[in-house]
1. GLY218 versus (1) at pLDDT 95 or above; (2) farther than 18 Å from ILE188 by Cα: which is the lone unmet condition?
2. Condition (residue is without any contact (Cβ under 8 Å) to a residue 12 or more places away in the chain, touching a helix residue (DSSP H, G or I) at 6+ places or on another chain (Cβ under 7 Å) and farther than 27 Å from LEU430 by Cα) applied to segment 368-379: is it met by at least one residue?
3. If I filter segment 186-198 for residues that are in the same structural domain as PHE262 (by TED's automatic domain parsing) and within 18 Å of LYS275 (Cβ to Cβ), do I get at least one hit?
4. Taking the criterion of being buried (at least 18 other Cβ atoms within 10 Å of the Cβ) and under 17 Å from ILE313 (Cα atoms), would at least one residue in segment 193-204 satisfy it?
5. Considering only segment 289-309, I want to know if a residue exists there that is touching a helix residue (DSSP H, G or I) at 6+ places or on another chain (Cβ under 6 Å), more than 20 Å from LEU237 (Cα to Cα) and part of a strand (DSSP E or B).
6. Identify all residues within segment 327-345 that are surrounded by 14 or more Cβ atoms within 10 Å (Cβ to Cβ) and either assigned to a helix (DSSP H, G or I) or touching a strand residue (DSSP E or B) at 6+ places or on another chain (Cβ under 6 Å) (or both); write none if there are none.
7. Kindly provide the set of residues from segment 373-387 that are in a loop (DSSP other than H, G, I, E, B) and either in contact with a His (Cβ under 8 Å, 6 or more places away or on another chain) or surrounded by 13 or more Cβ atoms within 10 Å (Cβ to Cβ) (or both), ordered by number.
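The values are calculated or read from the model by the stated rules, or taken from the named source; none is laboratory data. Everything numeric here is computed off the predicted structure, so don't read it as measured data. Cβ: placed from backbone, ideal geometry, glycine included. Neighbour counts: every protein chain shown.
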Amino acid sequence: MSTMPESNLSKILSNRKNLERILENLNVGIIAHDLSRQIFYFNEQAEKITGYNREEVLGKDCHEVFGAPLCGEQCSFCGSKDIFSDKTEYTMNIATKNNEPRRVKMSVTTMKDENNQNFGVLAALTDMTDFLNLSIRARKLTSFSGILGKDSKMLTVFQQIRDVAGYDYPVHISGETGTGKELVANAIHNESPRNGAPFVPINCGALPESLIESELFGHVKGAFSGAVRNKKGRFELADRGTIFLDEIADLSKPMQVKLLRFLQDSTFEKVGGEKTTSVNVRVLSATNKNLKKEVQQNHFRKDLFYRLNVIPIHLPPLRERRNDIPLLMEHFLKEAEEMHDSKPPKVSKEALSIMMGYHWPGNVRELQNVIQFAIVNCSGDTISPKNLPMELKDESLLRSSRGASRKLDTEIVKSALEKTGGNKAKASRLLGVGRATLYRFLSDHPETIPGRR
């Protein structure tokens, strides 16, 4: 293939009109500004992506035009940040002039003059909005912002994350333990303009009451025994970013009052301090409890509930998205391969069938544990049912006992009695047989009853 002589290419690029013609015909938005953030180039595709006309932006500070840094907290021209040295790329959500959310891939490059001195920045924006929306509708996605899933329930969650990421409204994430609530909170942060600023999680149920206020709001030196220096709290550490309050239902009533006050005016006082501190923080919260019931039972303040639950997102348990089990399983096997630098075993059809039928009370976290257990327990190159934890094999045996044959054996019956605490009525229902059938079996096999020999 012939190439254009370098002299001809130089002629094209040295001609300003030719260069502008090239930039105008790109299917990429181009924004260029100097070191004072004054915009001096804004092509037609940038107009389409942002909704602003070039007459509105040329010669103006990009922060003033767009109301905030277009690149959010990743902006290298905010505060005391140093200009980046070369090139950076990231994907983020922006809001257009009409406040419509757009997902863009941004590539930012430093421009240098003939003396190799920085004189400005060129940002290339690729609009990914339609592609992402089509992928979600066509169920082509298998992951989004670090979260795995292709089940329709998870695609709905992905869409919700996209919808809320561009706004600073509080989001409350509900779901059982192990469903990935912190992953969703992190995804909301990463998809938002606050990406690049801190994401600060705190488990409200893991800290004693005497420490939670200091952890959230900080303390001053001498505030209590052991306070040998001033300490920043999580809210102060999360300034300009996002704080994630996990297990929010476990907060005491006094702490709920202090949190409510912060949500009202974004200010707080450190423990032992008198000075009021103001921060710019987005608040995300989560719990595995039903927060509405907690309010009804007077365990949680109603006014705080409405402050936190502005936008609710519910995560489905793994048993309601079983189609994602093979996808998650392969991910955890791949993780093991990278961690131990060795090829992980494959999963047999029989083992996969057991995992697909299991009810997963610990959800995705339990699946990860099961895969790790099976890898350690497998001496060959294939994970078989015998390599799985006992609880999965027990449940599989109980399920098989409900078939047409209704045959009982001592192992199945003993497992059922152990699971029901010796309650024969519950055990018979679990086994799918009548109580009379179970009683007859126990009469013939008394050694099956827990505690009998």
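1. (1)
2. yes
3. No, that holds for no residue.
4. no
5. Scanning segment 289-309 turns up no residue that is touching a helix residue (DSSP H, G or I) at 6+ places or on another chain (Cβ under 6 Å), more than 20 Å from LEU237 (Cα to Cα) and part of a strand (DSSP E or B).
6. Kept after step one, since they are surrounded by 14 or more Cβ atoms within 10 Å (Cβ to Cβ), are these residues of segment 327-345: 327-333, 335-336, 344-345.
Across segment 327-345, the qualifying residues are LEU327, LEU328, MET329, GLU330, HIS331, PHE332, LEU333, GLU335, ALA336, PRO345.
7. Residues satisfying the conditions are CYS378, SER384.
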